[in-house]
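Only the coordinates and a few stated rules stand behind these numbers; no lab work does. Predicted model, so just to flag it, every value in this text is computed and none were measured. In this analysis, Cβ positions are derived from the backbone assuming ideal geometry, glycine residues included, and neighbour counts consider all displayed protein chains.
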């Protein structure tokens, strides 16, 4: 989508008129450039009560002089940036062939922040994953053009906001592409090759790939155990943006299980096709690096993707195995379907080797978090109140809700209850499963120094199992992978 911001002027393509329910009037927008006959039709429709601007409503009217979509925003007192973002997304979602590919949206009823969110929503929703669909000769390939008309004093601000939204959206859409990719095409080393290709022409990006053989030598027992049952062996991909821009960089760690059968503890076959989405933590990692690069971020950021395919085979790990992780800690594997925490154990410990200012990990980790929060919010656990607050605020600012969960000592005790290893990879009961998983991960966050009393590096764990796909109330995406938290993390890194 191409977005052009300007003042009120001539109308190109279909006119879009957002209106509030309590301000629904043919006089509630600038009439410049709108043909008199079309204005008469708008006035007639509103005066007749055929359009009342109820939230989510829309009406297309047209004559020989043009087309207009009346868009209902509900009551002005209830309208905020989230509602504006959803309204922009709905414009793209509801577009029909009769509307064409060019629109002029008059955003006179919105303030500058709402107008920016409206355009962001339209940009984010302009996405489809049709790489593998055969196209007919008459399929439209024409890009959408949206002319946003605003008050003169808001033009420069909206141009800047739209530019940033477009840059960040390249990262969101990349994350969606990776999440939606079929698992026979996107496997661990294929992801690594994508990362290499992406970095090739970028002078301020380094990508390092730790192969399976190298991971074995380094002692990454968690990563290797999960992936060794597959012919497509695991790897770790490390992105380093602006590597010469200082020490103590933030580090983002992503779970990247490109397909999760559950291993020997195999999953039920129903909906197993969705397990291609189990790499969405690493999809967000990659998308975030693209968004930061595209928007010209100048500080150092490191991201780590822990890539593996969890398959059952004669060489797969078994329930009852004991593995030794990069940290030196041992884990009794009681269930091979609790594999994400094993690859993250090595990824989090590796993150600590960079002496980071903070660490955030993202993982489609537990079904329990979907039971707790549905598809409405990401669960968060953190050992640092300031980092947790920054994540919550950034999520709220971007319409990507992050809900803090308890990091309780009782769950840490459960995860340490193995009689033959330092840790076990699941708790003794099904209750509070997402809390137990977070308590397990906490054991692999390094301290800030070698001092015995030193605190851990500030860390937060985001369980995105409910928000990475299947979120039907997320109007920014039609279906499939959402690219969740590329925007929230970009916001936190660049604006806080």
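Would you please give the FRET efficiency between residue 101 and residue 245, computed as 1/(1 + (r/R0)^6) with r the Cβ-Cβ distance and R0 = 35 Å, to the nearest 0.05? Efficiency computed from Cβ-Cβ geometry: 0.30. Here the peptides 69-79, 113-123, 402-412, 258-268 are ranked by packing, the mean other Cβ count within 10 Å, and the order with the highest first is 113-123, 258-268, 69-79, 402-412.
Net length available on complete extension from residue 134 to residue 112 is 3.8 nm, with 0.36 nm assigned per residue and the Cα-Cα distance removed. Compared with the dominant principal axis of the Cα atoms in the chain, helix 385-398 is inclined by about 30°. Extension gain, residue 456 to residue 420: 0.36 nm times the residue separation minus the Cα-Cα distance gives 10.4 nm. Computing FRET efficiency as 1/(1 + (r/R0)^6) for residue 196 and residue 271, where r is the C-beta to C-beta distance and R0 is 35 Å, gives about 0.60. The order of the peptides 355-367, 53-65 by mean Cβ neighbours within 10 Å, most packed first, is 355-367, 53-65.
Let me know the shape class of the stretch 2-152, please: from the alpha-carbon gyration tensor, a ≥ b ≥ c as square roots of the eigenvalues, rounded when a/c is under 1.5, otherwise prolate if a/b is greater than b/c, or oblate. It comes out prolate by the Cα gyration axes. Once you reduce the stretch 1-31 and the stretch 214-230 to the center of their Cα atoms, the two points are 57 Å from each other.
Label the stretch 389-492 by shape, choosing from rounded, prolate and oblate, from the square roots a ≥ b ≥ c of the eigenvalues of the Cα gyration tensor; if a/c is under 1.5 it is rounded, and otherwise prolate applies when a/b is larger than b/c, oblate when it is not. Since a/c reaches 1.5 but b/c is at least a/b, the shape of the stretch 389-492 is classed as oblate.
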